[in-house]
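A.B. asks: So that we are looking at the same thing, I have put the structure below in structure tokens.
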């Protein structure tokens, strides 16, 4: 047999063995070895009387079962990203948890998830899972940041101040939302909705403390919905939508006293040679428009145009 033939036979046999090994690695239960390898950051225990490792990194371990984690009750920072997990119930025992990264897993529903039991949880990342809605989402009142990027969410519900009184940042980029309706979070400061299919702005009047609104790459033709209740809005990104006419942005006058940065490039409106002046006429205190600061000359020209 030639060297080439030997290589082929050997490679096929090795490939079969390696394939079996990979399959075994891809779906497995959490072991003591995994935990020992992932523990770090020594800190005081909750009662202050001892010390324990408080950070556990278990990303990319091919895990489908994390039952063994339940006895490590002092963990405060937990990374379970890039595994095959659909059931996070063992995490309920980690009552000191502050930070949970669970992106790129297989969560399909919030119904059986333990997040509401994590009394001190402040940061939760469940991006790139299999979620289609936010139904049954209940979090601890301590939650400040919720990341739902890259799921397949079509409908919003349960996003209420009664459930999330301290939620300040909500990430919903890269889902399938066609409306903002369903967000009732009076303390929300930062809302990211880029790369959806949103056609109209509904329900923004309830977001009175919102500072950042990110709507890049949607299907908006108008900014109707921006309103005078949005007294704190400082940053608005509507890049890459379908806004074509000046009258479609007249609602910006409701936030003209607070808006500092507006990103509106890659809209038909921005192809006009005088679009910057027209916008500064509506928002005379704007500091930056698209990539460039608003200049003194632009302010002067806008002011002169208003006199005409």
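A.B. asks: If each residue of separation counts as 0.36 nm, what is the full-extension length gain between residue 176 and residue 109 once their alpha-carbon separation is subtracted?
C.D. replies: Between residue 176 and residue 109, full extension yields an extra 22.5 nm.
A.B. asks: Right, here's the next one. For segment 120-134, list residues with backbone N below 15 Å from a point placed 7 Å from the Cα of residue 144 toward its Cβ?
C.D. replies: Within reach of a label on residue 144: 120-125.
A.B. asks: Also, I was wondering about something else. What percent antiparallel are the DSSP beta bridges of segment 135-293, to the nearest 5?
C.D. replies: If I count the DSSP bridges inside segment 135-293, around 10 percent turn out antiparallel.
A.B. asks: Defining a contact as two alpha carbons under 8 Å apart and six or more residues distant in sequence, what relative contact order in percent does the chain show?
C.D. replies: 7 percent
A.B. asks: Kindly identify segment 191-232 as rounded, prolate or oblate by the Cα gyration tensor criterion: order the square roots of the eigenvalues as a ≥ b ≥ c, call it rounded if a/c is under 1.5, otherwise compare a/b with b/c, prolate if a/b is larger, else oblate.
C.D. replies: oblate
A.B. asks: How far is it, in nm, from the label point at residue 119 to the one at residue 271 when both lie 7 Å from their Cα along the line to the Cβ?
C.D. replies: Going from the residue 119 label point to the residue 271 one covers 5.9 nm.
A.B. asks: What is the log10 of I(q)/I(0) for segment 57-179, computed with the Debye formula using one identical point scatterer on each Cα and no solvent, at q = 0.20 Å⁻¹?
C.D. replies: Relative scattering, expressed as log10 I(q)/I(0), comes to -1.14.
A.B. asks: Using Cα pairs closer than 8 Å and at least 6 residues apart in sequence, work out the relative contact order for segment 98-179, in percent.
C.D. replies: 28 percent
A.B. asks: Please give the contour-minus-distance gain from residue 297 to residue 132: 0.36 nm per residue of separation, less the Cα-Cα distance, rounded to one decimal in nm.
C.D. replies: 54.5 nm
A.B. asks: Now for a different question. Provide the percentage of antiparallel DSSP beta bridges, counting only those with both residues in the chain; round to the nearest 5.
C.D. replies: Bridges in the chain are about 15 percent antiparallel.
A.B. asks: Further question: Using a 7 Å offset from Cα along Cα-Cβ at residue 258, what residues in segment 140-181 end up with backbone N under 18 Å from the label point?
C.D. replies: 161, 166-170
A.B. asks: Taking the chain as a Gaussian network, Cα atoms linked when under 10 Å apart, which of 216, 111, 239 shows the biggest mean-square fluctuation?
C.D. replies: Most flexible of the set in this elastic network: 111.
A.B. asks: Extension gain residue 42-residue 205, at 0.36 nm per residue separation less the Cα-Cα distance, in nm?
C.D. replies: 54.1 nm
A.B. asks: Could you give the C-alpha radius of gyration of the chain expressed as a fraction of 2.2 N^0.38 Å, taking N as the number of residues it contains?
C.D. replies: Dividing the Cα radius of gyration by 2.2 N^0.38 Å gives 1.29.
A.B. asks: Which of the peptides 294-302, 78-86, 189-197 is most tightly packed, and how do the rest follow, judged by the mean count of other Cβ atoms within 10 Å per residue?
C.D. replies: Packing proxy ranking, top to bottom: 78-86, 189-197, 294-302.
A.B. asks: Give the angle, between 0 and 90 degrees and rounded to the nearest 10, that separates the Cα long axis of helix 296-307 from the longest principal axis of the Cα atoms of the chain.
C.D. replies: Computed tilt is about 50 degrees.
A.B. asks: Pick out which of 127, 248, 92 has the largest mean-square fluctuation in a Gaussian network model of the chain, springs linking Cα atoms closer than 10 Å.
C.D. replies: Ranking 127, 248, 92 by mean-square fluctuation puts 248 first.
The numbers here are math on the coordinates, done by the rules we state, and not lab data. Note that this is a predicted model, so its numbers are computed, not measured. Cβ coordinates were reconstructed from backbone atoms using ideal geometry, including for glycine residues, and neighbour counts include every protein chain displayed.
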